[in-house]
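Heads up, the thing below is written out as structure tokens.
The values are calculated or read from the model by the stated rules, or taken from the named source; none is laboratory data. Since we're looking at a predicted model, the values are computed, not measured. Here the Cβ positions follow ideal geometry from the backbone for every residue, glycine too, while neighbour counts run over all protein chains shown.
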Amino acid sequence: MSNYRAMADCIEPAQLQGLAEAAPAWTGFAVDTIHDAVVSAAVLTSAAFRMRDEGALISALRGLATAVADLELAHANDNG
């Protein structure tokens, strides 16, 4: 028996219910597409940096700059 299977057998059904109830509150973040664009661009930027891919890094940084500009524009429209 693998260690993963042994760990899965230790989880009680009550714990699984608690996780299922907590999921809807956390998944509400994914609905906001402007924040998703910023987070996705930031992840792509960090991945390109770690892979030392200059072309991908430049492209990801441009995407990140665009996403942040869109976020700032949306924030300015909400406040003004």
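Any idea which of ALA65, ALA37, ALA25 is modelled with pLDDT under 95 and exposed (fewer than 13 other Cβ atoms within 10 Å of the Cβ)?
Of the residues listed, the single one that is modelled with pLDDT under 95 and exposed (fewer than 13 other Cβ atoms within 10 Å of the Cβ) is ALA25.
Is there any pair linking a residue in the stretch 37-58 that is under 22 Å from ASP70 (Cα atoms) to one that is of a type in the set (Asp, Glu) and part of a helix (DSSP H, G or I), with Cβ under 7 Å and at least six apart or on different chains, and which?
ALA37/ASP70
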